[in-house]
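Peer 1: Next up is a structure, given as structure tokens.
The values are calculated or read from the model by the stated rules, or taken from the named source; none is laboratory data. Because the structure is predicted, anything quoted here is derived from the model rather than measured. Every residue, glycine among them, receives a Cβ derived from its backbone with ideal geometry; neighbour counts consider all protein chains shown.
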Amino acid sequence: MSQSRWATKLLYSSAITQGAIYVIRPMITYRALELDASASTIGYIAAVYALFPVLLALTFGKMVGQIGEGRFVIIGTFFIGVSAALLLTAHSLFLLAIAAALSGLAHLACMVGGQTMVALKSPTDQYEEHFGRYTFSASLGQMVGPILATLVAGSTGVMPKSTSAAFALALALAAIAMVPVISWRNEPPTVRGRKEDSGALRAAGVLLKKPGMFAAIFMSLAISSTGDILVVFLPLYGNENQFSALSIGIIISIRAATSMASRYFLGRLSARFTPRQLLTTSNAVSIAMCIAMAFAPNPWVLGAVVFIAGFSLGVGQPLTMTLISQLTVPDERALAVSTRLTGNRLGQFLIPAAAGLLAASAGTSAVFIGLAILVSTTFLPRQ
């Protein structure tokens, strides 16, 4: 497969699958509110989304080297559709949690396959450009998904009219996303993974001992968890403050739009500044914006703050992908991608549960203060 063909197919699929996931995730919060869930329960459901990815991401990293990165994208896309179908019938918190868990696992499969494909097929001197394009396509889906969800679901003010309509939209998007990638079903792995490793966990432990690897993965964990919390808890924040579902959908989309813009300019920024300079500056801005979110008096101010936060948070993820790829050799990269995603999902499992408890006791504004503290830990240590 030519470079342009695989990249084009992956970018289209990534944008659409991310759109489906970003229809699903905020609507899970609204469906939970329809079922009278507390803030702590919403936090637990958000944590369940990342539960199986925490347990299986390393295993997926080993599997993708044997099964093939293209097939992993296909599998993940299929099960995003299955999870959307389950959500259509999830009228209890238990079923909602099961569907959320499946959607998280399916999303992980897409990401392991897609990121491994970029890491293996991109020239080593073009990692930032290719990862930037990949994350740009993901942000495009993340931008469009929440707006489409609220438009299709309708609005009765604070709550949407029909979360089921939004889940039906996610099912349709998953079907569309399958079209450009289905031809990969018979493709072998680009680089076959090592078979002699005694286990994924042990192999990841060895990988983490490489200089700079732990710092890069922890930074990815904190940044991704912050963005994830915004998707889940902005609907709850809006519900507490009587902001309409449509305004919250637009604000979530604004975050994705400015993240997308940051990745568009990342190549130019990287030519002028070092990764350390970019990360230090973006993290400082993110801290300030998370604090500002806690005191936003109306949707207009919240949207402006999220606009800036989306840009600053958006810089971090592709840079961590680049750092991790540069620290590894080709047959380690599938495992490195899955180790990074394990770290991300570990944060997305633990932090939402803690955020739910914090929101239940001190209000959702306190969650944003907590995010500022979390982001403050992402500064890269000197090596």
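Peer 1: Step by step: first the residues of the stretch 342-379, then only those that are out of contact with any Leu (no Cβ under 6 Å at 6 or more places or on another chain) and closer than 20 Å to LEU208 by Cα, then the one that is modelled with the highest pLDDT. Which residue is that?
Peer 2: LEU346
Peer 1: Select from the stretch 1-41 the residues that are out of contact with any Ser or Thr (no Cβ under 6 Å at 6 or more places or on another chain) and of a type in the set (Val, Ile, Thr) and write down the one among them that is surrounded by the most Cβ atoms within 10 Å (Cβ to Cβ).
Peer 2: VAL23
Peer 1: For the stretch 255-287, which positions are free of Cβ contacts under 8 Å to residues at least 40 places away in the same chain and either among the β-branched types (Val, Ile, Thr) or under 15 Å from ILE223 (Cβ atoms) (or both)?
Peer 2: Hits for the stretch 255-287 are THR274, THR281, SER282, ALA284, VAL285.
Peer 1: Mind checking which helices (runs of 4 or more DSSP H) fall wholly inside the stretch 237-319 and carry at least 1 residues that are charged (D, E, K, R) and surrounded by fewer than 21 Cβ atoms within 10 Å (Cβ to Cβ)?
Peer 2: Passing ranges, in order: 266-272, 275-293.
Peer 1: Additional query: Among the residues of the stretch 1-45 satisfying the criterion of being among the basic types (Lys, Arg) and under 23 Å from GLY68 (Cα atoms), which is modelled with the lowest pLDDT?
Peer 2: ARG5
Peer 1: Grab the helices (runs of 4 or more DSSP H) fully contained in the stretch 36-127, keeping just those with 3 or more residues being without any contact (Cβ under 8 Å) to a residue 60 or more places away in the chain and either over 18 Å from ALA20 (Cα atoms) or more than 21 Å from the chain's Cα centre (by Cα) (or both).
Peer 2: Values: elements: 39-67, 69-88, 93-121.
Hits in the stretch 36-127: 39-67.
Peer 1: A further question follows. For residues that are over 21 Å from LEU319 (Cα atoms) and β-branched (Val, Ile, Thr), tally how many sit in the stretch 211-239.
Peer 2: 2
Peer 1: When you go through SER137, SER155, SER164, SER198 one by one, which is the residue that is at pLDDT 85 or above and more than 22 Å from the chain's Cα centre (by Cα)?
Peer 2: Answer to the selection: SER164.
Peer 1: With respect to the numbered conditions (1) at positive phi; (2) small (Gly, Ala, Ser); (3) modelled with pLDDT of 80 or more, which one is the sole condition not fulfilled by GLY212?
Peer 2: (3)
Peer 1: Given the criteria over 27 Å from PRO330 (Cα atoms) and touching a Ser or Thr at 6+ places or on another chain (Cβ under 6 Å), does ALA57 qualify?
Peer 2: Answer is no for this residue.
Peer 1: Enumerate the pairs (first residue in the stretch 303-318 and farther than 17 Å from THR281 by Cβ; second residue anywhere and in a helix (DSSP H, G or I) and of a type in the set (Gly, Ala, Ser)) with beta-carbon separation below 7 Å, excluding pairs fewer than 6 apart on the same chain, so at least 6 apart or on different chains.
Peer 2: VAL305/ALA292
Peer 1: In the stretch 343-354, is there at least one residue being among the β-branched types (Val, Ile, Thr) and closer than 25 Å to LEU105 by Cα?
Peer 2: Checking the stretch 343-354: at least one residue is among the β-branched types (Val, Ile, Thr) and closer than 25 Å to LEU105 by Cα.
Peer 1: While we're here: Could you identify the single residue in ALA336, ALA372 that is more than 30 Å from LYS121 (Cβ to Cβ) and in contact (Cβ under 8 Å) with a residue 60 or more places away in the chain?
Peer 2: ALA372 is the lone residue from the list that is more than 30 Å from LYS121 (Cβ to Cβ) and in contact (Cβ under 8 Å) with a residue 60 or more places away in the chain.
Peer 1: Looking for whichever is touching an Asp or Glu at 6+ places or on another chain (Cβ under 8 Å), farther than 27 Å from LEU11 by Cβ and among the aliphatic types (A, V, I, L, M) here; the options are ALA46, ALA39. Which one fits?
Peer 2: Answer to the selection: ALA46.
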